[in-house]
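J.: Mind looking over this structure? Questions follow.
The values are calculated or read from the model by the stated rules, or taken from the named source; none is laboratory data. For clarity, every value in this text was computed on a predicted model and none was experimentally measured. Cβ: placed from backbone, ideal geometry, glycine included. Neighbour counts: every protein chain shown. Surface accessibility is based on the protein's heavy atoms, side chains included, excluding ligands, DNA and RNA. Shrake-Rupley method; radii C 1.70, N 1.55, O 1.52, S 1.80 Å.
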Amino acid sequence: MDAFFASVELLRYPQLKGLPVVIGGGRRKVDELLLRGPDGTAERERRFIPVEDFPLLKDYVGRGVITTATYAARQFGVGSAMGMMKAARLCPQAIVLPVDFDEVRRYSRTFKAAITEIAPVMQDRGVDEVYIDFTDVPGGQREGGRVLARLIQKSIFDKTGLTCSIGVAPNRLLAKMASEFNKPNGISIVYEEDLQEKIWPLNVRKINGIGPKAGEKLARLGVETIGQLAAQDPQWLIGHFGKSTGAWMHRVAWGRDDSPVVTESEPVSMSRETTFDRDLHAVRDKAELGAIFTDLCVRLAEDLQRKGYVARTIGIKLRYDDFKIATRDHTAGIYTADGATIRQLAGQCLKRVPLDKRLRLLGVRASTLARRGEEPVLEPRAGAAAETRRRKPGTTDGTDGVGGTAQLF
């Protein structure tokens, strides 16, 4: 989907179309302020709110990162995952709006339903991206897939008012790269014989699976383009990156990918985390941290319940003011999707991390998942996990639900 989060906001506020807009930052209170207007009284219709009433990026203060930006904002160098304070220096005049996750999820479900009505073999790759197998769809091979791609674009636009860009290629690897060639609202066809002309000039980071660290290491070794990667001896790559990764790098540089489009897959984990607007201390800011901690656990429980899962392993993630990260997990003797129980189990993890430094980020994660009602029968366990099972959800062991760290948060 094209600038999906931003495009959803432009449906809500069409007067912002064509303007630089970034999505990210704090919680969703902007709508209430905009609807009330300057005098705080009469409610206004969204589409009639003057552009000058919207908050600007230059006035943003905090640690948020950009989820996405309109193409008008991207012309200034603003992009996804960029810190909003940095983006404010590049494009101070941009309008800034927070993410409305409920609305984004609603549009996500709608555009995916539009696709499966035409091409049912679809693999979900997140809120704004999918893989589709055209192979057995009637008309799927016409004009190299362009006819079916146009039909999907039209169906999505008719049902959502949103545009998307589609890459059609012999496999998922090349299709992923092709989808970025002609944004927004474009269609790109890549054949096997196009590899040298269209794929090899691209930076190695364009390969899905080569992240920042691998990209930096390749650059230090003098390999920056996919073509340069393809020219390397497989044994040389294996020597630098290991047997599995080195062989994979050589294979994908030559456009080889036999991974299928999988219509159903079970999630490995679910998580919720937040970056604070200011560093928080476990003692001096314990009330604020405690409220955030509880909210994350409740939201994680709601995610599990909504998707029909229960979890056995609960973990935490902390990022300190020096950017170092600490993670801890606790595997219980039960499966749960209860917010209070998740908070108690996450609190057990807090016993095992230092809390003497200020915190930038706090996260909670659920793993060892099972479908609700299909979870394996567990043998009784001794110790803390068994004690957790014996207590009723929401009760504690006298430590306010966070183990031995209750005195902190």
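J.: Just flag the trypsin sites (Lys or Arg not before Pro) in segment 47-154 sitting in loop per DSSP whose Cβ has no more than 14 other Cβ atoms within 10 Å.
T.: On the way: sites: Arg47, Lys58, Arg63, Arg74, Lys86, Arg89, Arg105, Arg106, Arg109, Lys112, Arg125, Arg142, Arg146, Arg150, Lys154; in loops: Arg63, Arg125.
Answer in residue order: Arg125.
J.: Which percent of the accessible heavy-atom area of segment 100-240 goes to carbon and sulfur, probe 1.4 angstrom?
T.: On the way: 3590 of 7480 Å².
Within segment 100-240, the accessible surface is 48 percent carbon and sulfur.
J.: What are the trypsin sites (Lys or Arg not before Pro) within segment 235-279 that DSSP puts in a loop, where the Cβ has at most 16 other Cβ atoms within 10 Å?
T.: Values: sites: Lys243, Arg251, Arg256, Arg272, Arg278; in loops: Arg256.
Loop-located and lightly packed - Arg256.
J.: Please calculate how many Å² of accessible area segment 315-359 carries per residue, with a 1.4 Å probe and no DNA, RNA or ligand atoms counted. Don't jump to the answer; show the numbers that get you there.
T.: Working: 1820 Å² over 45 residues.
With all protein chains present, segment 315-359 gives 40 Å² per residue.
J.: Next question, about the same structure. Given H placed 1.01 Å from N in the peptide plane, which residues other than close sequence neighbours of Thr163 have an amide H under 5 Å from its amide H?
T.: It is Asp2, by chain and number.
J.: Please turn the phi angles of segment 192-201 into ³J(HN,Hα) values with the Karplus equation 6.51 cos²θ - 1.76 cosθ + 1.60 (θ = phi - 60°), one per residue in order, whole Hz, x for glycine and proline.
T.: Running phi through 6.51 cos²θ - 1.76 cosθ + 1.60 with θ = phi - 60° gives 4, 6, 8, 4, 5, 6, 9, 9, 4, x Hz.
J.: Which number do you get for Rg(Cα) / (2.2 N^0.38 Å) in the chain?
T.: Working: Rg = 24.1 Å, N = 409, 2.2 N^0.38 = 21.6 Å.
For the chain, the normalised Cα radius of gyration comes out at 1.12.
J.: Once phi is turned into ³J(HN,Hα) by the Karplus curve 6.51 cos²θ - 1.76 cosθ + 1.60 with θ = phi - 60°, what whole-Hz value does each residue of segment 367-374 show in order, with x for glycine and proline?
T.: 9, 6, 8, 8, 4, 4, x, 10
J.: Which helices, taking whole DSSP H runs in the chain, have alpha carbons extending 24 angstrom or more along the helix axis plus mean Kyte-Doolittle at least -1.0?
T.: On the way: long enough: 286-307 (31 Å, -0.04).
What comes out of the filter, once short or polar helices are dropped, is 286-307.
J.: Mind checking which of Asp258, Asp279, Asp338 has the largest fluctuation in a GNM of the chain, springs on alpha carbons under 10 Å?
T.: Asp258
J.: Given Val190, Leu34, Ala175, which one lies farthest toward the positive end of the charge dipole of the chain, if we put +1 on the Cβ of every Lys and Arg and -1 on the Cβ of every Asp and Glu?
T.: Toward the positive end, the furthest listed residue is Leu34.
J.: Hey, another quick one. Going down the list Lys17/Lys357; Lys17/Lys317; Lys154/Lys198, which pairs span over 32 Å between their C-alpha atoms?
T.: Details: Lys17/Lys357 44 Å; Lys17/Lys317 38 Å; Lys154/Lys198 26 Å.
With Cα atoms farther than 32 Å apart: Lys17/Lys357; Lys17/Lys317.
J.: Something else about it: Mind listing the long-range amide H neighbours of Thr68? Cut-off is under 5 Å, sequence gap 5 or more, other chains count too, H placed in the peptide plane at 1.01 Å from N.
T.: Sorted by chain and number, the residues that satisfy this are Ile23.
J.: Let me check against my output: what whole-number percent is the relative contact order of the chain, with C-alpha pairs under 8 Å and at least 6 apart? List each step's numbers first, then the result.
T.: Working: 713 pairs, mean separation 46.8, N = 409.
That works out to 11 percent.
J.: Could you state the number of Å between the C-alpha centres of segment 181-215 and segment 263-296?
T.: 35 Å
J.: Continuing with the same structure: What are the ³J(HN,Hα) couplings of segment 167-181, residue after residue, when phi is run through the Karplus curve with 6.51, -1.76, 1.60 and θ = phi - 60°? Round to Hz, x for glycine and proline.
T.: For segment 167-181, the Karplus curve yields x, 10, 7, x, 8, 5, 4, 6, 5, 4, 5, 5, 5, 8, 6 Hz.
J.: Quick one: which residues, 5 or more positions from Ile187 or on another chain, have an amide H under 5 Å from its amide H? H modelled 1.01 Å from N in the peptide plane, none for Pro or chain starts.
T.: It is Ile166, by chain and number.
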